[in-house]
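Scroll down for the structure; my scribbles are underneath it.
Just so you know, all these numbers are worked out from the coordinates, no wet-lab data involved. Note that this is a predicted model, so its numbers are computed, not measured. Note that each Cβ is placed from the backbone with ideal geometry, even for glycine, and that neighbours are counted across all protein chains shown.
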Amino acid sequence: MGNDIISSLRPAIVMTILFAILLGIGYPLAMTGIGQALFPSQANGSLVRDSGGKVIGSAVVGQAFTSDRYFQTRPSAAGDGYDGLASSGSNLGPTARVLADRVSADAAKRRAEGVVGALPADLVTASGSGLDPDLSPEAALVQVPRIASARGLTESRVRALVAEQTAHPLLGFIGEKRVNLLAINRELDRLGTSPDR
Amino acid sequence: MTLQGWILIIAFTGILLALTKPIGLWLFALYEGRRTPLHAVLGPVEAGFYKLAGIDPAAEQGWRRYAVHMLIFNFVLMLFTYGILRLQGVLPGNPQGLAGLGEHLSFNTAISFTTNTNWQSYGGESTMSNLSQMLGLAIHNFLSAATGIALAFALFRGFARRSAATIGNFWADATRITLYLLLPLCILLTIVYIANGVPQTLAGTVDVSTLEGARQTLAIGPVASQEAIKLLGTNGGGFFNVNSAHPFENPNAITNLVQMLSIFVIGFGLTWTFGKAVGNTRQGWAILSAMLILFLAGVTITYWQEAAGNPILHQLGVAGGNMEGKEVRFGIAASSLFSVITTAASCGAVNAMHDSFTAIGGMVPLINMQLGEVVVGGVGAGIYGFLLFAILAVFVAGLMVGRTPEYVGKKIEAKEVKLAVLAIATLPLLILGLTALASVTDAGLAGPLNKGPHGFSEMLYAFTSATANNGSAFAGLTANTPFYNGLLGTAMWLGRFFIIVPMLAIAGSLAAKTYTPESAGSFPTTGGLWVGLLVGIILILGGLTFLPSLALGPVADHLAMIHGQTF
């Protein structure tokens, strides 16, 4: 036993150092080099810029939309909402009164906007990350009348935009139907400048 | 439940079954120490490592030496990470300007990553610098995985060798697995992840002015390289607080499918390698069949419950399944599937918040861990844990027919059965003992976010996850306290090595035995009867112990949920 311990010391210490260099420094740095060379946009966060070159978001990460003129985001538990430095779910269990109260308040808000019928589940629930970039098409469609009226567009035009912006599952089963909110809301702004398009 | 969801589940399983033999063959080459095509590139690295460390890879070790060298290596690695975390504030690679971690959080985290648990009492983006992520944590993701697979190889040799005094060389096993299996696959996976939108940069944050004119700062970093090994090595420690639910860790359904496949692929392959090592691949398929039965049963229950949704929210006019804590791009099917995979394996990565699952949907991940994560299981740890149950199963079968039990040509005697029971008893002792302690102390009761039975579930889940070296959480629990960091850290260490040491002793004992050829009186360990017996033994021995605690937590929570009771 004592002999086994002594014989293990040199390999244990030296292998720790060697593997630290290989796996802890060499591997991530090499991958950073390859990533930056092959896929510079993705490797730096899939940043989206406006026409002036200003960074307005990431194509994959959600940001808060609260205005009536935009498709609004899901509730978020990341910081004060969509905090990119504090990703979090609500972690509320199925029987938490706080959850029922929150959903109830959000549901009342949607009813006040004139939404009738069953509410799409994603619209009133907090995502896992608090940074969900998407909505289901159903949750986007129930917001159409509000947006159309706020922007003076026809409902059918806004509804057509949802259909255009809906991504479908790969091969029919990998993924869910979804609408990226940054993309569709940018399109809304573009429509706004040419309402007769 | 939808047809689309089931097609995903079936396609996922089908892809893995197709990969089982190829990966198993590759693992078998490493098990035997054969030359692979990759030796042309990495062979000199391997030889150089041995030379500098004074290792003779051909020097065979008995089970005691194998165990001691593995333990000391893991201990040194743990100290290394503890040091990096404590010194984070003065080390480079810290564009975020984060301070060093405190004692109890460093203790907990160093053990957590050493034991392949990757329980995280902290939120990654607000705690860990890029250097700590790469050098302090990712190194364990490789080496704890390599340790697990090496240990499985050692046990395979116990079954396969005859009248032998040794079970291999730990250093050769761990180095070969890292260099010829984990590293090359991770390089491929990293490139796939980056192409799909996972960042890989040395920057720390990006500032954004949103479409509505607000400021948003996004945490970023060398995420993709971390992500690849996080899943392939069944580690599960996320770069960000919310793990694979974060769009930068898991941006779309393709990365999600690749992540789910990564978690299981080595575990599937190892069942084949075991069969090959003991001279009959049907032995491996029998094990995999039993695992698949338990896995698909778990997926069915969780998917069914999550798709059925929460009646309390239905009352408020909300349609459909349970989306609290889930991402739109994954939906209910892929979130349910991921949760069962990650807990069946000892991964612990999550793409949805298990705490917000329905009561029964969240109970399946809990049970998966309490069974000892033998349903496919962590890389290496799953198959050696499973073989402990197999030893008990042949013992029970032997009692029924009144013969000395045999398994794959080795007589299973009192010594092996005692050691197997010792290893398996570690789980209930630690999980139930520590949950009970937390339930009656102020420091323990300060932890849960949720009230009522769900609060108890949060504590039970934490000690289950730590002891079983999973690392997923009912994350509402506030675990970054001296009480939880200390106890969970201890549970992780004991839960890993109190199973490994008896398991290696079994390997040593079996290796020394002669071969017992199968006779007409032998209990067959390949057919349907054997698979059924395995499933039964795992459920009865592994599961029954925990039934009372499950009744207090998820079952009570479920009854409250269906009656509309909130807390």
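May I ask you to sort B:563, B:314, B:558, B:454 by Cβ crowding, counting other Cβ atoms within 10 Å and putting the fewest first? Write out the running numbers ahead of the final one.
Working: B:563 10, B:314 15, B:558 20, B:454 29.
Fewest to most other Cβ atoms nearby, the residues stand as B:563, B:314, B:558, B:454.
How are the C-alpha pair distances of segment B:17-163 spread across 10 Å bins, as whole percents from the shortest bin up?
10, 31, 30, 22, 7, 0
Work out, in µm²/s and without decimals, the Stokes-Einstein translational diffusion coefficient of segment B:389-528 at 37 °C, 0.692 mPa s, Rh from Kirkwood over C-alpha pairs.
Working: Rh = 17.3 Å.
It diffuses with D of about 190 µm²/s by this estimate.
Which listed residue (A:160, A:137, A:115) has the Cα farthest towards the positive end of the charge dipole for segment A:112-186, taking +1 on Lys and Arg C-beta and -1 on Asp and Glu C-beta about the Cα centre?
After comparing all options, I get A:160.
Taking every residue in A:33-42, how many Cβ atoms of other protein chains lie within 10 Å of its Cβ, on average? Each step should come with its number before you reach the end.
Details: counts 1, 7, 13, 4, 0, 4, 10, 2, 1, 10.
Counting other chains' Cβ atoms within 10 Å and averaging over A:33-42 gives 5.
Please list, in order along segment B:80-87, the HN-Hα scalar couplings obtained from phi with the Karplus expression 6.51 cos²θ - 1.76 cosθ + 1.60 (θ = phi - 60°), rounded to whole Hz, x for Gly and Pro.
4, 5, 4, x, 4, 5, 5, 8
With just the Cα atoms defining each centre, how far is segment B:1-23 from segment B:235-281? Give it in Å.
Spelled out, the Cα-based centre of one part sits 13 Å from the other.
Semi-axes of the equivalent ellipsoid of segment B:11-56: what are they in whole Å, largest first, if each equals the square root of 5 times a C-alpha gyration tensor eigenvalue?
Details: eigenvalues 188, 21, 18 Å².
Result for segment B:11-56: semi-axes of 31, 10, 9 Å.
How big, in percent, is the set of alpha carbon pairs in chain B lying more than 46 Å apart? Please list the in-between numbers first.
Working: 15651 of 160461 pairs.
When every Cα pair of chain B is considered, 10 percent fall beyond 46 Å.
Equivalent ellipsoid semi-axes for the protein assembly as shown, as square roots of 5 times the alpha carbon gyration tensor eigenvalues: give them largest first, rounded to whole Å.
Numbers: eigenvalues 391, 169, 107 Å².
That gives 44, 29, 23 Å for the three semi-axes.
Evaluate the charge dipole of segment B:33-252 about its Cα centre and quote only its size in Debye, nearest 20, assuming +1 on the Cβ of each Lys and Arg and -1 on the Cβ of each Asp and Glu. Intermediate results must be reported in sequence, preceding the final value.
Details: 12 positive and 10 negative charges, 193 e Å.
Its charge dipole is roughly 920 debye.
Rank A:51, A:21, A:39 by how far each Cα sits towards the positive end of the charge dipole of chain A (+1 on Lys, Arg Cβ; -1 on Asp, Glu Cβ) and give me just the farthest.
It is A:51.
Per Stokes-Einstein, at 4 °C and 1.567 mPa s, what whole-number D in µm² s⁻¹ belongs to segment A:46-191, with the Kirkwood radius over Cα pairs as the hydrodynamic radius? It would help to have the intermediate numbers written out before the result.
Values: Rh = 16.1 Å.
Approximately 81 µm²/s, per Stokes-Einstein.
Need one number: convex hull volume per residue for segment B:33-252, Cα atoms only, in Å³.
142 Å³
About the Cα centre of chain B, how large is the charge dipole given +1 on each Lys and Arg Cβ and -1 on each Asp and Glu Cβ? Please answer in debye to the nearest 20.
Numbers: 25 positive and 23 negative charges, 339 e Å.
The calculation lands at about 1620 debye.
Quick one: what Rg and Dmax do you get for segment B:195-302 from the alpha carbons, in Å?
Answer for segment B:195-302, Rg first and Dmax second: 19.1, 66 Å.
Where the centroid of each part is defined by its Cα atoms, how far is segment B:164-182 from segment B:58-127 in Å?
The distance from the Cα centre of segment B:164-182 to that of segment B:58-127 comes to 22 Å.
Per residue of segment B:43-55, what does 6.51 cos²θ - 1.76 cosθ + 1.60 with θ = phi - 60° give for ³J(HN,Hα)? Whole Hz please, x for Gly and Pro, Karplus curve as stated.
Karplus values, whole Hz, x for Gly and Pro: x, x, 4, 4, 4, x, 4, 4, 5, 5, 8, x, 9.
Would you work out which of A:73, A:149, A:92 lies farthest towards the positive end of the dipole of segment A:46-191? Charges go on Cβ: Lys and Arg +1, Asp and Glu -1.
Projecting each Cα onto the dipole axis, the largest value belongs to A:149.
Applying the Karplus parametrisation 6.51 cos²θ - 1.76 cosθ + 1.60 with θ = phi - 60° to the phi angles of segment A:63-78, what ³J(HN,Hα) value in whole Hz is obtained for each residue in order, glycine and proline being reported as x?
9, 6, 10, 10, 5, 5, 7, 10, 5, 8, 7, 5, x, 10, 9, 7
Would you please report the Å³ per residue occupied by the convex hull of the alpha carbon atoms in segment A:2-42? Spell out each step's value before the answer.
Numbers: hull volume 2.0 nm³, N = 41.
Measuring per residue, one finds 50 Å³ for the Cα hull of segment A:2-42.
Under 8 Å for C-alpha pairs, at least 6 residues apart: give me the relative contact order for chain B, rounded to a whole percent.
For chain B, the relative contact order is 20 percent.
Cα-based Rg (one decimal) and Dmax (whole number) for segment B:250-399, in Å?
17.1, 60
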